[in-house]
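Every read-out reported here was derived from the displayed coordinates using simple, explicitly stated rules and does not represent laboratory data. Model, not experiment: these values are computed from the prediction. Every residue, glycine among them, receives a Cβ derived from its backbone with ideal geometry; neighbour counts consider all protein chains shown.
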Amino acid sequence: MGPIYYKTESEIRKIRESSLIVSDTLAEVGKAIKPGVTGLQLDKIAEDYIKSVGAKPAFKGYKGFPGTLCISVNAQVVHGIPGNYPLKEGDIISVDCGVVKDGFYGDSAYTFAVGNINAETAQLLKITKESLYKGIEAARCGNRIGDIGAAVQEYVERYNYGVVRELVGHGIGRNLHESPDVPNYGKRGNGTALKRGMVICIEPMINMGTRNVKQEADGWTMTTSDGKPSAHFEHTIAITDGEAQILTTFGKIENI
Ligand code: MG
Ligand code: MG
């Protein structure tokens, strides 16, 4: 991994601008999610919206990824390629989006329910989202990266959920992925110290069953080994002197 880039206030403002575009994009996508809609249709909504506000999709072309969004349905964990599958009532769909504007990136993900979902899956979504905020609470100046992962892990393991190990959060700024890695598991007091000016993405990927995942033949999609559902929520945050500042928001998504 490369160096950690500590951001100035004005750089953080730019990351916030990109982050809010991501949040608005996810809200636009959320409005369109219903049975019968395909990932490709949602991807077009996202791409059109991002371009309409003068930003660029960050994922499209990244290491050859074909979509503006990563769309991962049910047992798919992350990195799903937008395709022709029509959503069904009872599915869950994880939508991950990144944009770049004025040289700075923002990144966020949200798992949506398609119509009514069963209570067991609804709990997975609720607890995964709550675990993200537990991680953010631990992301304070003076703490360490391991405090974030421990907070997420301890919270979700009470429900016997599996914390994905193969994929982790990351620093962000002039690059989509920067140091440090931000795992969703770990030990308190371990790892890189959190300092003011760090901007990171915390993104728990939590499985209802086993933590083990496998990569699909498309070379991208990660899927749970046991076929049980998985959820993913992500915020871009800045470390300040006190509580972390959350640069993305789920506010608009949840006001649909
Ligand atoms: Mg990310
Ligand atoms: Mg993301």
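Here are some notes:
- Selection status of R174, part of a loop (DSSP other than H, G, I, E, B), in contact with a Phe, Trp or Tyr (Cβ under 8 Å, 6 or more places away or on another chain) and more than 21 Å from H79 (Cα to Cα): yes
- Residues of the range 177-206 that are within 15 Å of ligand 2 (Cβ to nearest atom) and more than 27 Å from K126 (Cα to Cα): E178 alone.
- Only listed residue being in contact with a helix residue (DSSP H, G or I) (Cβ under 9 Å, 6 or more places away or on another chain) and more than 22 Å from S23 (Cα to Cα), chosen from R174, R188: R188
- Count of the range 136-169 residues which are touching a residue at least 60 places away in the same chain (Cβ under 8 Å) and under 27 Å from G103 (Cβ atoms): 5
- The range 174-220, residues that are within 16 Å of ligand 1 (Cβ to nearest atom) and either among the hydroxyl-bearing types (S, T, Y) or on the phi > 0 side of the Ramachandran plot (or both): S179
- Scanning the range 76-112 for residues that are under 16 Å from the mean Cα position of the chain (by Cα) and more than 16 Å from ligand 2 (Cβ to nearest atom) yields a count of 1.
- Scope the range 207-256; condition among the hydroxyl-bearing types (S, T, Y) and either part of a loop (DSSP other than H, G, I, E, B) or within 16 Å of ligand 2 (Cβ to nearest atom) (or both); matching residues: T210, T221, S225, S230, T236, T240, T248, T249
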